[in-house]
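Chemist: After the structure tokens below, expect a handful of questions from me.
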Amino acid sequence: MAGPEHSCGVVGITADFDVASALHTALMIIQHRGQESAGISVFNGSSIETVKGNGLVNVALDKDDLKDLNGHVGVGHVRYSTTGSKSIANAQPLTVTTNFGPVAVAHNGDITNFSELKEKYMKEGWAFLTDSDSELVIKLLGKYMNQYNDPVKAIRGIMGELDGSYSLTILIQDRLFAIRDPYGFRPLCLGRIDGGYIAVSESAAIDALRGEIVRDIEPGEICEITKDTFKIYPAPGQHPRAFCMFEWVYFARPDSILDGREVYDVRRKIGEILARECPADVDLVMPVPDSGRAHAIGYSCATGIPYEEGFMKNRFADRTFIMPDQKQREFAVSMKMNPIKSTVNGKRIMIVDDSIVRGTTLKKLVAMLRKAGAKEVHVRIGSPPIIAPCYYGVDMKSRDQFIASTHSVDEIREIIGADSLGYISIEGLIEAIGFKENDLCLACVNGKYPTHIKGEVHRFQSTLKQDFQ
Ligand code: AMP
């Protein structure tokens with residue numbers, strides 16, 4: 001399995017002006033995809049210059065340092081924060097010098113056969129400096145460039161070796177490529193900006209640069225981008241797709257359009273479908289800010305039950321999800337949220353969030369609402385119960401983390417202290433996103449994985465045994 005997780009954000013820009021500042025803007029817009037580190041690499045005519053650091057984009061990338069990054073083509077990266085992998089050595093873009101020029105790679109995703117490939121190439125004498133699968137990508141690129149002396153053939157070569165999820169922006173000397181794995185787990189889209197082109201994880205960054213969305217990079221495509229045009233090298237064959245449902249449910253920005261589906265619109269539909277599937281007699285609907293907001297609006301619009309903001313969120317509080325122990329996580333939720341008493345007191349409340357993982361957030365929030373005088377607290381969730389780990393880049397790695405893998409819905413209701421608890425069904429979620437079931441990765445909610453993962457069920461086969469025969 002992969003080393004550190006890469007639920008990150010990537011960008012590449014080529015234009016008729018110095019791109020460092022535009023890359024910085026794009027990274028600010030996709031900051032939610034990664035807060036641990038940020039980096040920018042620019043080709044300056046002879047070499048690739050890189051600035052990267054730990055922390056949020058504004059902290060990691062000093063504006064003065066960016067002034068020295070002169071060049072019309074570059075790539076950028078924000079890295080997701082997970083416990084235990086905070087080394088700056090893992091910050092991206094990764095750069096190397098090769099006999100065909102300098103190379104920089106920014107990667108979003110998890111390479112699921114990383115360990116096997118690393119072992120195979122270590123036996124051949126390769127040395128690795130980091131525990132990052134992106135280093136493997138860059139080394140493989142070097143190997144195939146030597147073999148083919150042609151970037152597109154070389155990228156196809158690495159795509160033939162890698163399993164799992166990867167959306168990549170790659171700079172090979174002055175040539176910029178955007179690549180999406182054959183399943184399309186993680187998003188990647190192409191935009192036209194004034195004087196050039198951009199490839200980026202989420203379309204909201206194209207808006208911020210006052211550009212236009214051109215198209216999504218389709219699963220398995222290699223897209224070469226110049227300041228004037230772009231060229232698509234299609235996937236060699238037909239392949240089932242596996243767009244990650246969690247991008248729409250939680251991860252991406254509401255104003256981004258992923259594979260033709262606006263995130264906000266999908267979340268509203270989730271709320272509407274939840275209203276149909278799990279009705280309740282309540283006085284008001286309120287979101288867990290900010291993650292449940294659009295879902296709650298959908299619920300309220302579909303039912304006519306008034307929508308209210310019932311929690312004040314401290315936007316400067318630390319992230320609770322990644323804290324190492326339960327006590328810290330619970331304390332952090334109270335630091336982060338506080339109920340608005342006049343909204344809550346004496347009311348029958350429906351509270352809506354996108355997902356339950358361990359149950360920490362909702363247990364705490366339900367208790368706070370009761371303390372603030374709520375008469376009843378009903379909970380609705382915009383994803384089906386999360387029961388299985390993600391191997392493709394979302395920080396949900398082990399089964400024992402998921403309350404729903406060991407408890408029934410009614411037991412979870414009891415644990416979080418709610419009067420009722422309702423999750424959207426898998427069918428309802430598929431309807432809200434608007435793709436066919438087989439075009440989505442639903443592994444975290446149905447345990448069926450789109451690609452072969454040792455010890456897990458492959459989604460096109462019904463039993464594990466079959467998979468290993
Ligand atoms: P929990 O408190 O463990 O049940 O986690 C659920 C809360 O964390 C919800 O409010 C989600 O919006 C948020 N969440 C879900 N998945 C993730 C993730 N992979 N990383 C960070 N936050 C998440």
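Residue-wise test of (1) hydroxyl-bearing (Ser, Thr, Tyr); (2) in contact with a helix residue (DSSP H, G or I) (Cβ under 9 Å, 6 or more places away or on another chain); (3) modelled with pLDDT of 95 or more.
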| site | (1), (2), (3) |
| --- | --- |
| Lys143 | no, yes, no |
| Val152 | no, no, yes |
| Ile155 | no, yes, yes |
| Pro182 | no, yes, yes |
| Glu212 | no, yes, yes |
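Chemist: Shifting gears a bit: If a residue must be away from the ligand (no atom under 13 Å from the Cβ), of a type in the set (Val, Ile, Thr) and surrounded by 15 or more Cβ atoms within 10 Å (Cβ to Cβ), how many such residues does the range 316-360 contain?
Modeler: Qualifying residue count, the range 316-360: 3.
Chemist: I'm checking my understanding of the structure. Among residues of the range 214-231 that are surrounded by 15 or more Cβ atoms within 10 Å (Cβ to Cβ) and outside any loop (DSSP other than H, G, I, E, B), which one is nearest to the chain's Cα centre (by Cα)?
Modeler: Asp216
Chemist: If you check Ser37 against the conditions, is it under 17 Å from the mean Cα position of the chain (by Cα), within 16 Å of the ligand (Cβ to nearest atom), of a type in the set (S, T, N, Q) and at pLDDT below 95?
Modeler: No: the conditions fail for Ser37.
Chemist: Could you look through the range 71-89, keep only residues that are hydrophobic (A, V, I, L, M, F, W, C) and at pLDDT below 95, and pick out the one that is farthest from Arg329 (Cα to Cα)? Can you show your working first?
Modeler: Within the range 71-89, the first condition is being hydrophobic (A, V, I, L, M, F, W, C), and the residues that meet it are 73, 75, 78, 88-89.
Those left that are additionally at pLDDT below 95: 88-89.
Numbers: Ile88: 25, Ala89: 27 Å.
Per the stated criteria, the residue is Ala89.
Chemist: Right, next: Looking for whichever is more than 13 Å from the ligand (Cβ to nearest atom) and within 24 Å of the chain's Cα centre (by Cα) here; the options are Ala388, Ala404. Which one fits?
Modeler: Ala388
Chemist: While we're on this one: Inside the range 300-315, can you point out the residues that are of a type outside the set (Asp, Glu), away from the ligand (no atom under 16 Å from the Cβ) and in contact with a helix residue (DSSP H, G or I) (Cβ under 9 Å, 6 or more places away or on another chain)? Reasoning before the result, please.
Modeler: Of the range 300-315, the ones of a type outside the set (Asp, Glu) are 300-307, 310-315.
Remaining after also requiring away from the ligand (no atom under 16 Å from the Cβ): 300-307.
Scanning the range 300-315 gives Ser300, Cys301, Ala302, Thr303, Ile305, Pro306, Tyr307.
Chemist: Go through (1) farther than 28 Å from Ala332 by Cα; (2) within 16 Å of the ligand (Cβ to nearest atom) one by one and return the number of the condition Gly260 breaks.
Modeler: Unmet for Gly260, out of (1) farther than 28 Å from Ala332 by Cα; (2) within 16 Å of the ligand (Cβ to nearest atom): (2).
Chemist: Another question, if that's okay. Examine the range 145-156 for a residue that is of a type outside the set (A, V, I, L, M, F, W, C) and under 23 Å from Gln35 (Cα atoms), and state whether such a residue exists.
Modeler: no
Chemist: From the residues in the range 275-297 that are within 15 Å of the ligand (Cβ to nearest atom), touching a residue at least 40 places away in the same chain (Cβ under 8 Å) and assigned to a helix (DSSP H, G or I), which one is surrounded by the fewest Cβ atoms within 10 Å (Cβ to Cβ)? Break it down stepwise before answering.
Modeler: Within the range 275-297, the subset within 15 Å of the ligand (Cβ to nearest atom) is 286-296.
Now restrict to residues that are touching a residue at least 40 places away in the same chain (Cβ under 8 Å): 286-289, 291-292, 294-296.
Then drop every residue that is not assigned to a helix (DSSP H, G or I), which leaves 294-296.
Numbers: Ala294: 23, His295: 32, Ala296: 31.
For the range 275-297, the residue satisfying everything is Ala294.
Chemist: Return the only residue of Ala388, Ala404 being touching a Phe, Trp or Tyr at 6+ places or on another chain (Cβ under 8 Å) and at pLDDT 95 or above. Show your work before the answer.
Modeler: Details: Ala404 fails: touching a Phe, Trp or Tyr at 6+ places or on another chain (Cβ under 8 Å).
Result of the check over Ala388, Ala404: Ala388.
Chemist: Using the structure shown, decide if Gly447 is surrounded by fewer than 20 Cβ atoms within 10 Å (Cβ to Cβ), more than 23 Å from the chain's Cα centre (by Cα), closer than 22 Å to Gly109 by Cβ and of a type outside the set (D, E, K, R). Can you show your working first?
Modeler: Working: surrounded by fewer than 20 Cβ atoms within 10 Å (Cβ to Cβ): yes; more than 23 Å from the chain's Cα centre (by Cα): no; closer than 22 Å to Gly109 by Cβ: yes; of a type outside the set (D, E, K, R): yes.
In short, no.
Chemist: Which condition breaks for Leu209 when tested against (1) of a type in the set (A, V, I, L, M); (2) within 15 Å of Gly74 (Cβ to Cβ); (3) touching a Leu at 6+ places or on another chain (Cβ under 7 Å)?
Modeler: Checking Leu209 against (1) of a type in the set (A, V, I, L, M); (2) within 15 Å of Gly74 (Cβ to Cβ); (3) touching a Leu at 6+ places or on another chain (Cβ under 7 Å), the one that fails is (3).
The values are calculated or read from the model by the stated rules, or taken from the named source; none is laboratory data. This one's a predicted model, so the numbers in the text were calculated from it and none came from an experiment. Positions of Cβ are backbone-derived with ideal geometry, glycine not excepted, and every protein chain shown enters the neighbour counts.
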